[in-house]
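Visitor: Below is the structure I would like to discuss, written out as structure tokens.
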Amino acid sequence: REYMGTTLDARLGIMWNKTIPKGLPGQVWYLNVDDVVFGAQLYGTGFHYMVGDQPIVLWGLSLKKGEEGKLLYNVTWTRPSSDVTMWYTTASADESLVVLQAKETCQLYGFDIYTGRKIWGPTEPMDVRTAVSGIITSIAYGKVFVSQRFAGLIDCYDAKTGRLLWRYEIRDPYGASEMWQKEFAGDLWPIRILFITDGKIYLGHSEHSPNNPLPRGAPFICLDVNTGEEIFRVDGLMRVTDWGGRPIIGDSIIVGMDTYTMQVLAIGKGPTQTTVETTKVGVSVGSTVVIEGRVLDISPGTRDPRIALRFPDGVPAVADECMGDWMLYVYKQFPRPANIKGVWVKLDAINVYTGEYLDIGGTHTDETGFYTVAWTPPKEGLWKILATFPGSKSYWPSYAQTSIAVTPPTPAPEIPTPATPEQVTTLQAEIRSLSPQIMAMIALIAIAIIIGIANIALYARKK
């Protein structure tokens, strides 16, 4: 692809010029560079679709090297019935397919893009509203994807046979809010195919002439192309437009304008920050240390002052299954969802000197992004503690580290051994046997004290 700042050689503006057969009716509807051009006469004068019994004319030209401008076919095809208008919808050289729609019968027909031969159709009739609002079609992965627009349906057909493979219905959980929607679409969302990539099809709501206030809860949807299974649906995150600025994807990041806020949004896998702290002193073998930290979403949008002021401690990273409601809460000021789940954090210890590895285990963060674990170090040494968030479908991984010094276990204090009953009895007997001597000693000490006091008093009188 060409990047911004690339200088292109203008001398290559006209690569070749070939003469094509005269009298090819209609116009070019599709081309694949260096391969094929598909043309057809579907319009009459004044750029109006033709009705009546006139046959449809289909033609093709080669663009292959050495065959540029060669007529591949110029054929007519009889309309399925009188006064049926045929619309061009989409084509793909990869699938050798051109798809036309019969407006009044709401049916599809498939033609070979290299021969003009009809290969399948008609399909079962679509919803009658497609005759008024039209359809949006895309071809990818051997399938034809059709948005029935105001009928609120996405159909998937086999590109080779035209067989319907699956159908997905998009209903409005809030109910219709505008008169046209109530009368024409009911509780179904008019839907648009945005892009198809990586085995997924992305859908969004848009409408030709919306009224203010805009209908709330416009869906932004991702489906599996093979099964039609819903990968995610977020109501109210992004409302697209019929008039340009529709979402695109590059480098796995979706960029589009949200017509609710008239802001450009980028949706993709977000960067994270993991933190970890531990007890720094008084850790010995056999004692318990607390390991704690947080896992935060540090996507550029979280640094917007309007977001940062609401989340002064950072925006927590949450589980994939909570992501849609969480993004609405963070960026669209929807109510905080209940039962938010956190992410998994793995904890390990590595001896700084020996390289010995210990698996501490892991835990989940809570709704604030916080985690905490109690750990009893089994060995002494200087240990590096690693906290790792392995990443998810929504976030890139991150890790953090800290350290603790684990000392040898503190010796237990010696506790005197209690005397046995026999020892107590023996000691009591010995004390009783010594009682006379003890009493005599006490009497002698008392007499000595009295004599000392008398001598002091006599000495004081002589003075």
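Where a number appears in this text, it was derived from the coordinates with a stated rule and is not lab data. Keep in mind the model is a prediction, meaning the values are calculated, not measured. Note: ideal-geometry Cβ built from the backbone for every residue, glycine included; neighbour counts use all protein chains shown.
Visitor: Can you give the Rg and Dmax of the chain based on its C-alpha atoms, in angstrom?
Guide: Values for the chain (Cα only, Rg and Dmax): 42.0, 160 Å.
Visitor: For a quick size check, give me the Cα extents of the range 272-406 along its three principal axes, largest first, whole Å.
Guide: Extents along the principal axes, in whole Å: 51, 25, 23.
Visitor: So, one more: So if I place +1 on the C-beta of Lys and Arg and -1 on the C-beta of Asp and Glu, and nothing else carries charge, what would the dipole magnitude of the chain be about its Cα centre? I want it in debye, nearest 20.
Guide: My answer is approximately 1120 debye.
Visitor: Here's a follow-up. Per-residue HN-Hα couplings for the range 112-128, Karplus 6.51 cos²θ - 1.76 cosθ + 1.60 at θ = phi - 60°, whole Hz, x for Gly and Pro?
Guide: Result, rounded to whole Hz: 6, 6, 9, 10, x, 7, 6, 10, 7, x, x, 7, 4, x, 7, 4, 4.
Visitor: Of A319, A387, L347, which is farthest on the positive side of the dipole of the range 272-406, counting Cα position, with +1 on Lys and Arg Cβ, -1 on Asp and Glu Cβ, and the Cα centre as origin?
Guide: Going by the charge dipole, the pick is A319.
Visitor: Moving on. With angles folded into 0 to 90 degrees, how steeply does helix 323-332 sit against the dominant principal axis of the chain? Use alpha carbons for both and round to 10.
Guide: Approximately 90 degrees, to the nearest 10.
Visitor: Considering only S252, H364, T274, whose Cα is most displaced toward the positive end of the charge dipole of the chain, charges sitting on Cβ of Lys, Arg (+1) and Asp, Glu (-1)?
Guide: The residue sitting farthest along the positive end of the dipole is T274.
Visitor: Within 10 Å of each residue's Cβ, count the other Cβ atoms and sort M15, M238, M441 from fewest upward.
Guide: Details: M15 6, M238 23, M441 11.
Ascending Cβ contact count within 10 Å gives the list M15, M441, M238.
Visitor: What ranking of T123, T354, T368 emerges when the number of other C-beta atoms within 10 Å of each C-beta is taken as an exposure proxy, fewest first?
Guide: Listed from fewest to most nearby Cβ atoms, that is T354, T368, T123.
Visitor: If one takes the longest principal axis of the Cα atoms in the chain, at what angle in degrees, from 0 to 90 and to the nearest 10, does the Cα axis of helix 435-462 lie?
Guide: That works out to roughly 70 degrees.
Visitor: Same structure, new question: Taking neighbour counts of Cβ atoms within 10 Å as a proxy for exposure, in what order, fewest first, do T288, T130 appear?
Guide: Ranking T288, T130 by Cβ neighbours within 10 Å, fewest first, gives T288, T130.
Visitor: For the chain, with the dipole built from +1 on Lys and Arg beta-carbon atoms and -1 on Asp and Glu ones, taken about the Cα centre, which of V146, I136, I451 lies farthest toward the positive end?
Guide: I451
Visitor: Another question, then. Using the C-alpha gyration tensor of the range 156-308, what are the square roots of 5 times its eigenvalues, in whole angstrom, with the largest one first? Walk me through the intermediate numbers first.
Guide: Numbers: eigenvalues 346, 93, 48 Å².
That gives 42, 22, 16 Å for the three semi-axes.
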